[in-house]
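Peer 1: I have a structure I would like to understand better, so I am pasting it below and will then ask my questions one at a time.
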Amino acid sequence: MPDDIIRRPRDDRPEESRRAYLSRTFDEDAELYDRARPGYPSELYDDLTELAGTGPGSRVLEVGCGTGQVTVPLAGRGCRITAVEAGPSMAEIARRNLAGTPGAEVVTARFEEWPLPVAPFDVVVSATAFHWIDPAVRVAKAADALRPGGALAVVRTQHVLGGTEEFFVEVQRCYERFDPATPPGLRPPAAAAVDNADHAEELARSGRFGSTVFRRHEQDLTYGTSEYLDLLRTFSGHRALPEAARNGLLHCIANLIDGRYGGRVTKRVLIELAVSHRR
């Protein structure tokens with residue numbers, strides 16, 4: 001089951017309102033999000049330094065910082081960060097996680113509505129959040145926030161083939177039983193088959209950015225049963241299910257992990273960084 005995507009509609013709400021609704025679900029239990037969501041590998045930050053220029057003294061705008069999974073490591077590398085987060089509970093935890101860190105500020109606001117400061121940024125970073133921003137606004141406003149030559153760095157993650165592969169085949173029966181929006185026979189794709197060219201095409205159409213450079217990393221994450229259920233509870237598609245269906249789904253998954261996989265499963269995640277420079 002893909003993570004944090006705009007699912008097939010259950011009603012006739014327009015896509016924009018579905019996006020807004022699902023994006024708000026993360027703030028409902030920000031403490032769980034902070035505890036359950038994994039960080040990113042150190043190689044990603046090395047790539048950000050090499051390709052986007054993050055480093056000591058660089059002015060960074062982070063769009064959708066969550067509870068600070070990327071903010072804290074970037075601040076630790078000496079970046080001066082303004083992090084914008086729409087969820088008030090998420091923003092408060094990000095401030096807590098950044099306590100005592102010089103040069104880091106968390107603003108509670110929707111990026112679409114937040115007034116850009118006069119001084120431009122060197123880098124705009126968005127990790128697993130750019131797809132939640134209004135497509136009519138996100139690219140143009142990111143460009144407006146940057147100095148000429150500044151970099152837009154977007155991180156996307158996707159569950160891919162690997163880890164405890166048979167579990168992710170079997171678990172689809174749970175999803176198909178409790179979530180009717182699940183496509184039959186859904187399987188994680190091989191990492192090599194994942195094509196995220198749509199992001200580069202979106203930037204190219206804007207005329208505001210040059211070509212996009214991609215870097216990819218794969219990460220295997222192992223979870224005990226309760227840890228895996230906590231992770232699932234942070235995904236918008238799971239949170240948006242009716243309570244009875246969500247509880248039934250999680251119970252089904254727990255029984256499968258405990259009964260057939262010894263209480264532990266490994267999930268493989270593809271982490272893709274896309275960097276483009278403002279013209």
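The values are calculated or read from the model by the stated rules, or taken from the named source; none is laboratory data. This one's a predicted model, so the numbers in the text were calculated from it and none came from an experiment. Cβ sites come from the backbone with ideal geometry, for glycine too, and all protein chains shown count toward neighbours.
Peer 1: Grab the helices (runs of 4 or more DSSP H) fully contained in the stretch 109-191, keeping just those with 2 or more residues being aliphatic (A, V, I, L, M). Break it down into steps so the answer makes sense when it comes.
Peer 2: Working: elements: 138-145, 165-170, 172-178.
Output list reads 138-145.
Peer 1: Kindly establish whether Leu250 is hydrophobic (A, V, I, L, M, F, W, C), closer than 27 Å to Thr67 by Cα and assigned to a helix (DSSP H, G or I).
Peer 2: Yes.
Peer 1: Let me ask you something else. Starting from the stretch 52-67, take each residue that is free of Cβ contacts under 8 Å to residues at least 24 places away in the same chain and among the small types (Gly, Ala, Ser) and list its partners that are surrounded by fewer than 20 Cβ atoms within 10 Å (Cβ to Cβ) and in a strand (DSSP E or B), counting only C-beta distances under 7 angstrom and pairs at least six apart or across chains.
Peer 2: Taking only residues 6 or more apart or on different chains, the pairs are Gly57/Arg80.
Peer 1: Can you give me the number of residues within the stretch 262-279 that are touching a residue at least 12 places away in the same chain (Cβ under 8 Å), over 30 Å from Ala200 (Cβ atoms) and either surrounded by fewer than 17 Cβ atoms within 10 Å (Cβ to Cβ) or touching a Lys or Arg at 6+ places or on another chain (Cβ under 6 Å) (or both)?
Peer 2: Counting residues in the stretch 262-279 that are touching a residue at least 12 places away in the same chain (Cβ under 8 Å), over 30 Å from Ala200 (Cβ atoms) and either surrounded by fewer than 17 Cβ atoms within 10 Å (Cβ to Cβ) or touching a Lys or Arg at 6+ places or on another chain (Cβ under 6 Å) (or both) gives 3.
Peer 1: Identify, from the list Arg177, Arg156, the residue that is basic (Lys, Arg) and surrounded by fewer than 17 Cβ atoms within 10 Å (Cβ to Cβ).
Peer 2: Of the residues listed, the single one that is basic (Lys, Arg) and surrounded by fewer than 17 Cβ atoms within 10 Å (Cβ to Cβ) is Arg177.
Peer 1: Same structure again: Scan the stretch 60-80 residue by residue and report those that are at negative phi and surrounded by 21 or more Cβ atoms within 10 Å (Cβ to Cβ).
Peer 2: Within the stretch 60-80, Val60, Leu61, Glu62, Val63, Cys65, Thr67, Val70, Thr71, Leu74, Ala75, Cys79 qualify.
Peer 1: Any chance the stretch 101-120 includes a residue that's at pLDDT below 95 and at negative phi?
Peer 2: Yes - at least one qualifying residue is present in the stretch 101-120.
Peer 1: Looking at the stretch 105-136, which of the residues that are under 22 Å from Glu272 (Cα atoms) and of a type in the set (A, V, I, L, M) is surrounded by the most Cβ atoms within 10 Å (Cβ to Cβ)?
Peer 2: Top of the filtered list is Val125.
Peer 1: Next question. Among the candidates Tyr228, Tyr223, single out the residue that is buried (at least 18 other Cβ atoms within 10 Å of the Cβ), under 18 Å from the mean Cα position of the chain (by Cα) and either in a strand (DSSP E or B) or touching a residue at least 12 places away in the same chain (Cβ under 8 Å) (or both).
Peer 2: It is Tyr228.
Peer 1: Something else now. Limited to the stretch 234-267, what total is found for residues that are more than 24 Å from Glu165 (Cβ to Cβ) and among the basic types (Lys, Arg)?
Peer 2: The total comes to 2.
Peer 1: How about the stretch 134-168: which of its residues are free of Cβ contacts under 8 Å to residues at least 40 places away in the same chain and among the small types (Gly, Ala, Ser)?
Peer 2: Across the stretch 134-168, the qualifying residue is only Ala136.
Peer 1: Criterion first (outside any helix (DSSP H, G or I), surrounded by 13 or more Cβ atoms within 10 Å (Cβ to Cβ) and more than 18 Å from the chain's Cα centre (by Cα)) does Thr234 satisfy it?
Peer 2: Considered against the rule, which asks whether it is outside any helix (DSSP H, G or I), surrounded by 13 or more Cβ atoms within 10 Å (Cβ to Cβ) and more than 18 Å from the chain's Cα centre (by Cα), Thr234 comes out as no.
Peer 1: Just checking, how many residues over the stretch 180-197 are at pLDDT 95 or above and exposed (fewer than 13 other Cβ atoms within 10 Å of the Cβ)?
Peer 2: 3
So that you can scan it fast, the table gives a plain yes or no per residue for (1) of a type in the set (A, V, I, L, M); (2) in contact (Cβ under 8 Å) with a residue 40 or more places away in the chain:
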position: Glu85; (1), (2): no, no
position: Ser89; (1), (2): no, yes
position: Ile93; (1), (2): yes, yes
position: Gly100; (1), (2): no, no
position: Glu112; (1), (2): no, no
position: Val118; (1), (2): yes, no
position: Val123; (1), (2): yes, yes
position: Ala129; (1), (2): yes, yes
position: Trp132; (1), (2): no, yes
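Peer 1: Tell me yes or no: at least one residue of the stretch 13-22 is modelled with pLDDT under 95 and among the acidic types (Asp, Glu).
Peer 2: For the stretch 13-22, residues modelled with pLDDT under 95 and among the acidic types (Asp, Glu): present.
Peer 1: Is at least one residue of the stretch 70-82 part of a loop (DSSP other than H, G, I, E, B) and farther than 24 Å from Ala140 by Cα?
Peer 2: In the first step, residues of the stretch 70-82 are kept if they are part of a loop (DSSP other than H, G, I, E, B); the result is 70, 77-79.
In the following step, the residues that additionally are farther than 24 Å from Ala140 by Cα were identified as 77-78.
There is at least one residue in the stretch 70-82 that is part of a loop (DSSP other than H, G, I, E, B) and farther than 24 Å from Ala140 by Cα.
Peer 1: Output the residues belonging to the stretch 231-270 that are within 30 Å of Val154 (Cα to Cα) and touching a Phe, Trp or Tyr at 6+ places or on another chain (Cβ under 6 Å).
Peer 2: Residues satisfying the conditions are Thr234, Val265.
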